[in-house]
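Everything on this sheet refers to the single structure shown next.
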Amino acid sequence: MISVANRIYVSAEYRVAFEERFKNRARMVDGMPGFITNYVLRPTEEDDPYIVFTLWESMEAFENWVNSDAFRKGHAKSGTLPKEAFSGPNKLEIHEVFLDASRAGE
């Protein structure tokens with residue numbers, strides 16, 4: 001299993017619009033083979049980033065998502081916020097899950 005965390009720095013005045021965009025997301029990823037779950041984490045400190053966090057059965061499943069028509073359709077509205085909505089560049093982090101306390105026996 002892998003995790004993908006996209007750290008997105010959002011300017012304070014655009015946080016409501018950013019959150020609304022995710023509340024009304026296309027949900028294209030939800031039915032992708034190998035997709036497990038999606039969390040959008042709100043920062044508790046003003047200068048910290050939002051984190052869009054997904055879990056995937058494998059790196060191959062994630063790569064299939066990124067290279068799919070569903071990905072392109074699901075991200076078609078991602079450019080609807082102006083550049084000034086973001087206070088810094090986003091950062092994508094991918095990790096292999098080697099321990100999962102929610103799965104007994106692993």
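The values are calculated or read from the model by the stated rules, or taken from the named source; none is laboratory data. Just so you know, these numbers come straight off a predicted model, no measurement behind them. Heads up, the Cβs are rebuilt from the backbone with ideal geometry, glycines too, and the neighbour counts pull from every protein chain shown. Accessible surface areas use protein heavy atoms only, side chains included; no ligands, DNA or RNA. Shrake-Rupley method; radii C 1.70, N 1.55, O 1.52, S 1.80 Å.
Give S68, S87 a once-over and let me know the one that is out of contact with any helix residue (DSSP H, G or I) (no Cβ under 8 Å at 6 or more places or on another chain), modelled with pLDDT under 95 and open to solvent by less than 30 Å² (accessible area, probe 1.4 Å).
Details: S87 fails: open to solvent by less than 30 Å² (accessible area, probe 1.4 Å).
None of the others qualify; the one that does is S68.
Go through the stretch 1-33 and give me each residue that's assigned to a loop (DSSP other than H, G, I, E, B), small (G, A, S) and within 15 Å of D47 (Cα to Cα).
Passing the criteria: only S11.
Conditions (1) over 13 Å from the mean Cα position of the chain (by Cα); (2) at pLDDT 95 or above; (3) of a type in the set (D, E, K, R); (4) surrounded by 13 or more Cβ atoms within 10 Å (Cβ to Cβ), marked per residue:
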{"residue": "R27", "(1), (2), (3), (4)": "no, no, yes, no"}
{"residue": "G31", "(1), (2), (3), (4)": "yes, no, no, no"}
{"residue": "G34", "(1), (2), (3), (4)": "yes, yes, no, yes"}
{"residue": "E45", "(1), (2), (3), (4)": "yes, no, yes, no"}
{"residue": "Y50", "(1), (2), (3), (4)": "no, yes, no, yes"}
{"residue": "L55", "(1), (2), (3), (4)": "no, yes, no, yes"}
{"residue": "M59", "(1), (2), (3), (4)": "yes, yes, no, yes"}
{"residue": "F62", "(1), (2), (3), (4)": "no, yes, no, yes"}
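Can we say R103 is basic (K, R) and at pLDDT below 95?
Working: basic (K, R): yes; at pLDDT below 95: yes.
Answer is yes for this residue.
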